[in-house]
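Rule-based calculations on the coordinates, nothing more; no lab input. Worth saying up front: this structure is predicted, and the values here are computed from it rather than measured. With ideal geometry, Cβ positions are generated from the backbone for all residues, glycine too; neighbour counts draw on all protein chains shown.
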Amino acid sequence: VTGQRRVRRPPRWVVTALAAAIVVQFTAGVVGTAYLAAGERLAASAPDNTLGRPAPRIAGDVAITPVRERARRATAIRSLLARRSEALLHRDRTGFLAGIDAESPDFRARQGRLFDNLREVPLGKWSYLVDPDHEMSQSGGRLSRFHAPVWAPQVDVIYRLAGFDRRDTSQRQYFTFVQRGARWYIGADDDFANSGGQTARGLWDFGPVVVARTATTLVLGHPGSRDTLRTITQVAAAAIPRVSAVWGHDWAGKVVILVPDSQAELSRVIQAGELSQIAAVATAELAGGTGLPAGERIIINPPNFAKLGSLGRQVVLRHEITHVATRAVTTDATPTWLAEGFADYIGYLGTGVPVGAAGHELAVDIRAGRVPKALPTNADFGGNNSRLAQVYEMSWLACRMIAAAVGPDGLVRFYRAVGGGPGTSGSGVEDALRTRLGLSMAQFTVRWRAYLSNQLA
Ligand SMILES: [Zn+2]
């Protein structure tokens, strides 16, 4: 359950201007920290620990489409994509496929399936943003197969799930546009996949999408997992008020959960590896400029989620929903131990799970005389840390200790003070410890070590 930021793979744009970077923020739920029914416990792991940074801007060394030609093409492409969006929103399959290159039959067939797969998805908005000042290099030999003029400007699909997304979700598309006669068509969306330009994929790229929902929970998955969707809908809908009871109500109070059919599908959708022992992931986009989160999603890792008992599912979903609720005030100033410890604090709160069970791995260490010397660093949450379960347990108990001292509300105020949020910078942990708890970092660490021994020895 690490707080991390990732970015789309570095694209090889030919750059003539700068655009706002969109950073994708990830937090994952590690199975190992979740209490599993029937004494079952999985080894812990974490997602890949790629650190976030803005997409690199690489000046190209190839000729850029001349300005006037670029403007002419951009007008044609925007019109093409507007017709595509209209057709999708109005369920006009013929109109949708009219924008696809007739001489690219495989791509056309995939686009037909994509259209069908989206049928049940409640789209409140679907449009495209074209930036003609960024274009992919067209010097590769692969594009010569079209035997026609091609162009690959930067395109984002902008969409909202009706009733759930309060802000636009933006997903990078790497379309190849091809000119046939006077008209432009979409000829492919994967020509740049091996050169840093992987088109973002949704569940709808992998098969038909079906929906389960309550007023507060929207769960998307595939037809083979309808029962799982219903279960997750119920557990998540029950978890939301539990999260709000501690955190407060200044968040959407709604969640969107995606249930892929496989770990491979999950891995492709979030463009991350190292998921073999992850139960679920929470992602969001942080739009450049505002820093406000958008497109918040919880994504289930099916094989691991299936291993969880009923209590484990509750803990994991409360944990992930906590990441969604706290997203706007979880910033660079928030250490991972606080983000993950707080999510586990709400995850376990009131479940009746004994401290010794939730902190099992750490208890074994402490009884063997291995009391941790310091709070976990962000790097300690890497997937290759063999003592990852202990790292989460240490984090959880740090938050539990703060709540014991200043109450759950005090823990919430502490969390907010550390991270800050859009337009306000957080004070960081050391300041917040001093002002909220009257402790230096060293004093806090001494108390925390004693607390660990006291709770787990
Ligand atoms: Zn987490």
(request) Specify, per residue and in Å³, the volume enclosed by the convex hull of the alpha carbon atoms belonging to the range 199-316. (result) 117
(request) Collect residues whose amide H, placed 1.01 Å from N in the peptide plane, falls under 5 Å from the amide H of residue 100; neighbours closer than 5 in sequence don't count. (result) 186
(request) Mind listing the long-range amide H neighbours of residue 280? Cut-off is under 5 Å, sequence gap 5 or more, other chains count too, H placed in the peptide plane at 1.01 Å from N. (result) 29, 301
(message) On a full-extension model of 0.36 nm per residue, what is the gain between residue 162 and residue 109, subtracting their alpha-carbon distance, rounded to one decimal in nm?
(response) 16.4 nm
(request) Grab the other residues whose beta carbon is less than 14 angstrom from that of residue 431, score K and R as +1, D and E as -1, and report the net. (result) +3
(request) Please give every one of the aspartates and glutamates within straight-line cross-link reach of residue 254, meaning a C-alpha to C-alpha distance under 14 Å, and leave out same-chain neighbours fewer than 8 residues apart. (result) 165, 296, 320
(message) Using the Karplus curve 6.51 cos²θ - 1.76 cosθ + 1.60 with θ = phi - 60°, what ³J(HN,Hα) values do you get for each residue of the range 94-101, in whole Hz, with x for Gly and Pro?
(response) 4, x, 5, 6, 5, x, 9, 4
(message) Nothing charged except the Cβ atoms of Lys and Arg (+1) and of Asp and Glu (-1): what's the magnitude of the dipole of the range 349-457 about its Cα centre? Round to the nearest 20 debye.
(response) 200
(request) Express the C-alpha Rg of the range 134-230 as a ratio against the empirical globular expectation 2.2 N^0.38 Å, rounded to two decimals. (result) 1.41
(request) Starting with the highest mean, order 219-230, 333-344, 148-159 by the number of other Cβ atoms within 10 Å, averaged over the residues of each peptide. (result) 333-344, 148-159, 219-230
(request) Determine the percent antiparallel among the DSSP beta bridges restricted to the range 191-334, to the nearest 5. (result) 60
(request) Quote the FRET efficiency, to the nearest 0.05, computed for residue 129 versus residue 367 with a Förster distance R0 of 45 Å and r equal to the Cβ-Cβ distance. (result) 0.20
(message) Residue by residue through the range 315-325, what is 3J(HN,Hα) from phi via Karplus (6.51 cos²θ - 1.76 cosθ + 1.60, θ = phi - 60°)? Round to whole Hz and write x for glycine and proline.
(response) 5, 5, 5, 4, 4, 5, 5, 4, 4, 5, 5
(request) Place a +1 charge on the Cβ of each Lys and Arg in the range 321-371 and a -1 charge on the Cβ of each Asp and Glu, then give the dipole magnitude about the Cα centre in debye, rounded to the nearest 20. (result) 100
(message) Can you list residues from other chains, or at least 5 along the same chain, whose modelled amide H is less than 5 Å from the amide H of residue 296?
(response) 285
(request) Decide, for the range 229-380, between rounded, prolate and oblate: order the square roots of the alpha carbon gyration tensor eigenvalues as a ≥ b ≥ c, take rounded if a/c falls under 1.5, and otherwise choose prolate if a/b is larger than b/c, else oblate. (result) rounded
